[in-house]
Amino acid sequence: MAGLAVFLLVVTICLLAPVYAHDIAHVNPFASNLQGTIVLHGKVVQLLQQNTQGLGLGVTPIGPTWNISHYFLGADNQGRDVFARLLYGGRSSLLIGAASALICCLAATILGLAAGYFGGPIDWVLSRIFDIIWAFPIYLLAISLSVVLLTSGLQIGFIHIGPGSLMLPILIIAAVFVPYVARPLRGIVLSLREREFIQAAIGSGASDYRILMKEILPNAAPTIIVFLPLMVAFNMLTESALSFLSIGVQPPAASWGTIINDGLGLLYTRPVVAIAPGLMIVVTAVALNILGDGARDAFDPKAKLRGSI
Amino acid sequence: MGLFIIRRLTSAVLVMFAISVLVFLIFFATPGVDPAARIAGRSATPQIVAQIRHEFGLDRALPIRYGLMMDHLFIKQDLSSYVNIGDRVVPQIISAAPVTLSLVLGAAVIWLLVGVAGGVVAAANRGKFIDPLIMFFGIAAISVPAYWLGEVVNLITQSKLHSSIFSWVPSSGFVSLSANPGQWALHLLFPWLTLAALYAGIYARVLRAELVNALNEDYVRTARAKGLSERRILLRHALRCSLISIVSLFGLDFGALIGGAALLTEVVFGLPGVGQLTYTSLQNLDLPVIMGCVMYGAFFVVLANAVVDVLYAFLDPRVRLA
């Protein structure tokens with residue numbers, strides 16, 4: 001439950017990002033603000049301060065002010081409010097994590113159920129496809145898809161997804177993780193299919209659709225529900241890695257991964273720019289993993305008796 | 001056994017073929033921009049685009065294009081970059097491979113030791129304070145993005161503390177094993193630890209679950225009835241069976257890391273391995289290099305998995321006959 005509480009807290013804070021940016025901090029987290037100034041301890045201070053050491057060339061953004069109403073965590077190298085960007089970035093990261101997990105689990109359920117229940121050629125074809133994607137290193141597959149799609153967007157028939165759209169990372173991440181959910185599900189459906197109550201349903205003349213929806217899906221549902229929070233955590237980590245490689249979320253949009261990438265150049269002068277989004281990722285992922293463990297224990301009381309956390 | 005190896009290798013070859021087709025389709029047949037322009041990179045002249053169109057047969061049928069690409073990649077091995085004109089892709093990959101191998105091998109030793117020890121200690125003390133503690137560390141290790149952890153490590157060892165406690169840590173980079181074994185290990189120490197953290201977490205959690213399951217099995221009850229000590233039961237009986245799942249997990253993870261999943265760690269620590277090569281070519285959108293890295297990486301994974309399966313069958317006769 002602690003996991004769920006922390007996760008919901010993070011989600012709520014990130015959803016309040018526009019409220020924070022407009023009403024508390026009065027900043028635009030996406031527009032660069034190179035000449036901006038703020039009032040700090042009664043003095044007007046440049047957001048990007050001229051370096052005084054060495055040759056005095058270049059600028060360093062101001063560090064954390066620890067004042068929630070302006071530049072709480074300081075500015076990045078474009079003079080943008082890091083804290084406001086952190087909240088907006090969280091929205092993209094969580095949205096991508098959650099949406100791709102939902103799409104992935106939905107697709108995996110349909111494919112896993114079809115493969116396990118119908119068997120025969122359908123199963124053979126689907127299983128081979130799973131095998132191939134499974135054998136393909138996730139990052140390499142995601143990188144190839146991203147690098148090709150991000151330059152041009154995706155055009156399927158009349159559906160066009162633009163190059164900067166968040167739908168691209170969502171669909172790419174969902175696609176590469178499908179076999180990781182679909183293969184275990186197929187196994188479960190295969191063993192369910194041999195059980196008496198399914199045989200009875202077949203014997204009583206129920207349609208395939210009815211058996212799948214009324215008999216098999218409810219029994220496979222716990223597995224899917226246990227997978228879901230873990231997938232959200234996993235997908236969020238994958239998104240941040242892709243964004244870090246600059247092939248995930250595209251500017252001007254931000255995600256935790258892109259902010260870490262922005263912070264890389266400031267690592268030794270303003271480490272907070274890279275540290276803060278990483279901590280948000282860790283906290284969220286830990287919460288989701290604990291939530292997933294909790295869900296597993298709730299559906300499998302034996303696991304709890306065995307004393308897992 | 002011979003039959004099993006043949007069967008397993010045949011399927012590996014089929015999967016490799018399927019992957020090569022998939023990669024080909026991703027790079028050459030996704031709807032959208034002209035693939036020649038994509039391969040040429042951002043600042044290409046029309047002449048180069050026309051040259052690429054001819055070289056990859058982009059005006060011909062799909063199967064011929066596929067054949068031409070495989071020819072450039074594996075037979076002639078003359079696929080070259082259009083961003084850094086003339087750089088051959090395949091030799092670059094081959095010269096980067098030892099770096100990746102050094103990184104992954106060392107990390108593998110660490111994560112196996114730490115993961116197995118963590119799992120065994122947690123299972124031996126289940127229900128006590130130390131068990132949830134280790135499991136929490138496991139969750140934390142799984143939840144940390146590797147590249148971020150690497151940056152934090154860099155920040156700690158290369159920043160202010162570099163002049164005091166961490167003065168012995170060399171700046172990032174790579175020294176080959178044959179040149180100086182001591183420096184090789186020293187340069188790779190923190191990359192190893194960073195890369196190993198995630199897998200140590202996973203392995204400790206998996207092994208603990210397997211061990212706790214095994215301890216409820218009949219053969220453990222028999223061993224207890226014989227009056228064996230708990231330590232002996234845990235290490236000699238339960239652990240031996242539980243290690244099977246660790247071995248198969250290890251095969252997959254090791255293959256995936258060599259094949260390119262160690263990319264983020266290499267980038268953060270400035271190690272010039274295959275991952276770094278993929279990363280720099282991503283920055284330049286240098287498609288031929290990306291394509292080469294992906295293809296070789298995926299092939300290595302398939303090969304590693306096949307080798308692990310054969311070893312597995314060698315250890316466990318049930319797999320061989322199934």
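The values are calculated or read from the model by the stated rules, or taken from the named source; none is laboratory data. For clarity, every value in this text was computed on a predicted model and none was experimentally measured. All Cβ positions, glycine included, derive from the backbone under ideal geometry; neighbour counts span all protein chains shown. Accessible surface areas use protein heavy atoms only, side chains included; no ligands, DNA or RNA. Shrake-Rupley method; radii C 1.70, N 1.55, O 1.52, S 1.80 Å.
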Looking only at the stretch B:227-244, filter to residues that are open to solvent by less than 30 Å² (accessible area, probe 1.4 Å) and under 30 Å from the mean Cα position of the chain (by Cα); which one of those is nearest to B:Asn305 (Cα to Cα)?
B:Ser242
Unmet requirement for B:Phe254, which otherwise passes all of (1) within 11 Å of chain A (Cβ to nearest Cβ); (2) among the hydrophobic types (A, V, I, L, M, F, W, C); (3) under 14 Å from the mean Cα position of the chain (by Cα)
(1)
Single unsatisfied condition, B:Tyr203 versus (1) within 30 Å of A:Ala274 (Cα to Cα); (2) without any contact (Cβ under 8 Å) to a residue 24 or more places away in the chain; (3) aromatic (Phe, Trp, Tyr)
(2)
Please go through (1) in contact with a Pro (Cβ under 8 Å, 6 or more places away or on another chain); (2) facing chain B (nearest Cβ under 9 Å) for A:Leu291 and return the number of the only condition it doesn't satisfy.
(2)
Of the residues that make up the stretch B:204-217, is at least one under 30 Å from B:Ser102 (Cβ atoms), surrounded by fewer than 18 Cβ atoms within 10 Å (Cβ to Cβ) and modelled with pLDDT of 80 or more?
yes
How many residues are under 23 Å from B:Leu263 (Cβ atoms) and open to solvent by less than 10 Å² (accessible area, probe 1.4 Å) if we restrict to the stretch A:102-134?
1
Reported set for the stretch B:213-266 where residues are over 30 Å from A:Pro137 (Cβ atoms) and in contact with a Ser or Thr (Cβ under 7 Å, 6 or more places away or on another chain) is B:Ala214
Report, by residue number, each residue of the stretch B:275-308 that is at the interface with chain A (Cβ under 10 Å from one of its Cβ atoms) and within 18 Å of B:Thr194 (Cα to Cα).
B:Gly275
Looking at this structure, is B:Thr222 open to solvent by 60 Å² or more (accessible area, probe 1.4 Å), within 14 Å of chain A (Cβ to nearest Cβ) and farther than 23 Å from B:Ile202 by Cα?
no
Output for Cβ contacts, cut-off 7 Å, separation at least six or different chains, first residue in a helix (DSSP H, G or I) in the stretch B:134-146, second basic (Lys, Arg), reads B:Met135/B:Arg205; B:Met135/B:Arg208; B:Gly138/B:Arg205
Check A:Glu196 against each of (1) acidic (Asp, Glu); (2) modelled with pLDDT of 85 or more; (3) open to solvent by less than 60 Å² (accessible area, probe 1.4 Å) and name the one condition it does not meet.
(3)
Residues (closer than 21 Å to A:Val282 by Cα and either open to solvent by 40 Å² or more (accessible area, probe 1.4 Å) or more than 10 Å from chain A (Cβ to nearest Cβ) (or both)) located in the stretch B:119-140
B:Pro132, B:Leu133, B:Phe136, B:Phe137
Taking the options A:Pro277, A:Pro252, name whichever one is within 13 Å of chain B (Cβ to nearest Cβ) and of a type outside the set (Val, Ile, Thr).
A:Pro277
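Which of the following residues is open to solvent by 50 Å² or more (accessible area, probe 1.4 Å) and more than 19 Å from A:Ala17 (Cβ to Cβ): A:Ile224, A:Ile290? Explain how you work it out, then say what you get.
Details: A:Ile224 fails: open to solvent by 50 Å² or more (accessible area, probe 1.4 Å).
It is A:Ile290.
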With the structure loaded, tell me whether B:Pro145 is out of contact with any Lys or Arg (no Cβ under 9 Å at 6 or more places or on another chain) and open to solvent by 20 Å² or more (accessible area, probe 1.4 Å) or whether it fails that test.
no
Among the numbered criteria (1) modelled with pLDDT under 85; (2) in a helix (DSSP H, G or I), which single criterion is violated by B:Ser178?
(2)
In the stretch B:14-42, anything open to solvent by 30 Å² or more (accessible area, probe 1.4 Å), of a type outside the set (A, V, I, L, M) and modelled with pLDDT under 65 is listed as B:Pro31, B:Gly32, B:Arg42
